[in-house]
Structures are given as structure tokens and as C-alpha cells.
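In what follows, a structure is listed as C-alpha cells, so that the remarks can point back to it.
The values are calculated or read from the model by the stated rules, or taken from the named source; none is laboratory data. Keep in mind that what you see is a predicted model, and the values were worked out from it rather than measured. Heads up, the Cβs are rebuilt from the backbone with ideal geometry, glycines too, and the neighbour counts pull from every protein chain shown.
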Amino acid sequence: MTRETRFPLGAIASSVSALICAVPTLLFPADSPIAPKLGFLTVGAVFFALGVLRIRAEGRTPPADGEVDVTRQ
């Protein structure tokens, strides 16, 4: 029996959001203007939200023939 593998886009988007949020801390000096930092954090938050929505949308695979789905009893 072969199972279709899916590309984990939700996990990738969440990881990218962590990198985007870390960029201002790693690259900008501490006394730099706040506007670019807020821009990076906003974009990172959007990527994180998209990642969470994608993970929530990924459904479980249906049970194979003969298996019982005990989560829906």
C-alpha cells in the first residue's frame, strides 16, 4: 500500500515566519529606527498566520479498508 505524500507547506511557512521575525534582531543595530523592524514583524506574522491556517486545513487521511476510526465514535 502506498501513501500519497504531501509537501508540508504549513510547517515551511511557519519556519519562514520565524526567520523573517529574527532578521531585524540579527541584522539591524539596536538603535535603528523602529519602522523597518515593525515591517519585518508584520510580514512574519502574516506568514505565521498563513502557516497555521494551512496546518489546520490539512486533513487526516481517511482510514484504510478494515480500519476503524476511533476518533469519531
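In segment 1-19, the residues that are more than 11 Å from V52 (Cα to Cα) reach residues that are among the aliphatic types (A, V, I, L, M) and at pLDDT below 90 with C-beta atoms within less than 8 angstrom, at least six apart or across chains, in these pairs: M1/A64.
For every residue, the table says whether it meets (1) out of contact with any Asp or Glu (no Cβ under 8 Å at 6 or more places or on another chain); (2) modelled with pLDDT under 90; (3) outside any helix (DSSP H, G or I).
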{"position": "R6", "(1), (2), (3)": "no, yes, yes"}
{"position": "A18", "(1), (2), (3)": "yes, no, no"}
{"position": "L26", "(1), (2), (3)": "yes, no, no"}
{"position": "F40", "(1), (2), (3)": "yes, no, no"}
{"position": "V46", "(1), (2), (3)": "yes, no, no"}
{"position": "I55", "(1), (2), (3)": "yes, yes, no"}
{"position": "A64", "(1), (2), (3)": "yes, yes, yes"}
{"position": "E67", "(1), (2), (3)": "yes, yes, yes"}
